[in-house]
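**Student:** So that we are looking at the same thing, I have put the structure below in structure tokens.
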Amino acid sequence: MLIQLMNAPAGHVTCRSFDVYRYSWKKDGRVLDTGSGQSKYMIESPGGSIVIKSPSQQDDGVYQCFARNEFGTAVTIKTRIQRAGIYVYYKVN
């Protein structure tokens with residue numbers, strides 16, 4: 001699992017598999033709403049990367065990807081995601 005969540009307009013968490021018909025994601029054990037245009041989360045196509053629009057502290061948590069096809073469901077390990085940043089401080093004279 002590739003994780004790219006940083007101080008940016010959006011963060012990406014990648015889940016990839018072959019011959020998958022449908023991806024879904026859970027955060028802290030709850031299925032994420034990725035279908036509506038107003039959702040904070042969306043699944044990129046092709047592939048199963050989830051995009052987190054305007055990441056904030058509320059997006060920190062445990063994520064898990066589910067990849068489904070006609071043979072069943074593949075599940076990733078649970079992955080803790082926490083935002084981090086580099087802050088620049090300026091000395092004022």
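**Student:** Scan the stretch 46-63 and report the pairs whose first residue is under 13 Å from Ala84 (Cβ atoms) and whose second residue is aromatic (Phe, Trp, Tyr) and surrounded by fewer than 15 Cβ atoms within 10 Å (Cβ to Cβ), with Cβ atoms within less than 8 Å and a gap of 6+ or a chain change.
**Tutor:** Between residues of the stretch 46-63 that are under 13 Å from Ala84 (Cβ atoms) and residues that are aromatic (Phe, Trp, Tyr) and surrounded by fewer than 15 Cβ atoms within 10 Å (Cβ to Cβ), there is no close pair.
**Student:** Among Ser17, Ser24, which is at pLDDT 65 or above and over 12 Å from the mean Cα position of the chain (by Cα)?
**Tutor:** Going through Ser17, Ser24 in turn, the sole match is Ser17.
**Student:** Going by the conditions given, is Gln58 of a type in the set (S, T, N, Q), surrounded by fewer than 13 Cβ atoms within 10 Å (Cβ to Cβ) and outside any loop (DSSP other than H, G, I, E, B)?
**Tutor:** Answer is yes for this residue.
**Student:** What are the pairs with Cβ atoms under 6 angstrom where one residue, in the stretch 24-42, is closer than 15 Å to Pro55 by Cβ and the other, located anywhere, is surrounded by 12 or more Cβ atoms within 10 Å (Cβ to Cβ) and of a type in the set (D, E, K, R)? Sequence gap at least six, or different chains.
**Tutor:** Ser39/Asp33; Lys40/Lys53
The values are calculated or read from the model by the stated rules, or taken from the named source; none is laboratory data. Values in this document were obtained by computation on a predicted structure and should not be read as measured data. Ideal geometry is used to build each Cβ from the backbone, glycine not excepted, and the neighbour counts take in all protein chains shown.
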